[in-house]
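Visitor: Before I ask anything, let me first share the structure, which is written out below as structure tokens.
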Amino acid sequence: MMRSLWTAASGMTSQQTAVDVIANNLANVNTIGYKSQSAEFKSLLYQDLQAKTTSANGENKPVGLFVRNSAISTIFTQGNITSTELDTDFAIDGKGFFQLEDENGDILYTRNGSFTWSPINDGTMMLCSSEGYGVLDTTGLPITLDDTYNMSKVTIDKDGNICYPG
């Protein structure tokens, strides 16, 4: 009797995790760059209880006594690309991430390509995420422009190259 209660309780706890993951996916359905998640489970503590039925090779079939969450996996599929009129909004078509650097110097990865130019010091402008994290170039350095550039004339082409007239 006690074993069946523990089995039921572990199942209910695992099911609550699955519902939490689904709720998180629904809450973020319109979040730019969000990747949906999936809950994965596994059985624990097998015991041979079914002596009358056997597997294909004649062994007793084991029965799992408990279940638990084994992982919450992120599903990395290509989302919809939404066109904007901003020169600093980007999208990655295919695999890959934008690399950002937070205020502690930690490297972060995102698929959210909504960026803007932001002043940092001495008139220098840095390409930043909506959270204020610096966007890094292919060499791992923040993308910055000094005060000699008129920001209204700066453009970025379809390959991500920063262009300035002349």
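The values are calculated or read from the model by the stated rules, or taken from the named source; none is laboratory data. Nothing here was measured: the structure is a model prediction, and the numbers come from that model. When we count neighbours, we look across all protein chains shown, and the Cβ atoms used for this are built from the backbone with ideal geometry, even at glycine. Keep in mind that these areas ignore ligands, DNA and RNA; they rest on the heavy atoms of the full protein, side chains included. Shrake-Rupley method; radii C 1.70, N 1.55, O 1.52, S 1.80 Å.
Visitor: When the Karplus curve 6.51 cos²θ - 1.76 cosθ + 1.60 is applied with θ = phi - 60°, which whole-Hz ³J(HN,Hα) does each residue of the stretch 141-146 get, with x for Gly and Pro?
Guide: So the Karplus estimates, Gly and Pro as x, are 9, x, 7, 10, 9, 7 Hz.
Visitor: OK, next. Multiplying the sequence separation of Leu5 and Leu141 by 0.36 nm and subtracting their Cα-Cα distance, what value in nm do you get? Show your work: numbers first, answer last.
Guide: Values: separation 136, 0.36 × 136 = 48.96 nm, distance 5.62 nm.
This chain segment gains 43.3 nm when fully extended.
Visitor: Roughly what would the spin-label model give for Asp159 and Asp20, points 7 Å off Cα along C-beta, in nm?
Guide: 4.7 nm
Visitor: Take peptides 83-90, 35-42 and line them up by average Cβ neighbours within 10 Å, highest first, as a rough protection proxy.
Guide: On the way: 83-90: 12.5, 35-42: 14.9.
Top of the packing list down: 35-42, 83-90.
Visitor: Ordered by residue, what ³J(HN,Hα) values in Hz, to whole numbers, does the stretch 116-125 give under the Karplus form 6.51 cos²θ - 1.76 cosθ + 1.60, where θ = phi - 60° and Gly and Pro are x?
Guide: Working through the residues one at a time gives 8, 7, 9, x, 10, 6, 6, x, 6, 10 Hz.
Visitor: Which whole-number percent gives the relative contact order of the stretch 61-166, counting Cα pairs below 8 Å spaced six or more residues apart?
Guide: Values: 131 pairs, mean separation 18.3, N = 106.
Computed over the stretch 61-166, the figure is 17 percent.
Visitor: On to the next question. With a 1.4 Å probe and all protein chains left in place, how much of the accessible area of the stretch 61-166 comes from carbon and sulfur atoms, in whole percent?
Guide: Values: 3490 of 7120 Å².
Summing carbon and sulfur atoms, their accessible area is 49 percent of the total for the stretch 61-166.
Visitor: Keeping all protein chains in place, calculate the accessible area per residue for the stretch 58-166 (probe 1.4 angstrom), answer in Å².
Guide: Averaged over the residues of the stretch 58-166, the accessible area is 67 Å².
Visitor: Can you compute the label reach from Asn80? Point 7 Å from Cα along the Cβ direction, backbone N cut-off under 13 Å, restricted to the stretch 16-38.
Guide: Under 13 Å, as judged by backbone N against the label point of Asn80, lie 29-33 of the stretch 16-38.
Visitor: Let me cross-check Trp117: its accessible surface, 1.4 Å probe, with only protein heavy atoms counted, in Å² to the nearest 10?
Guide: 50 Å²
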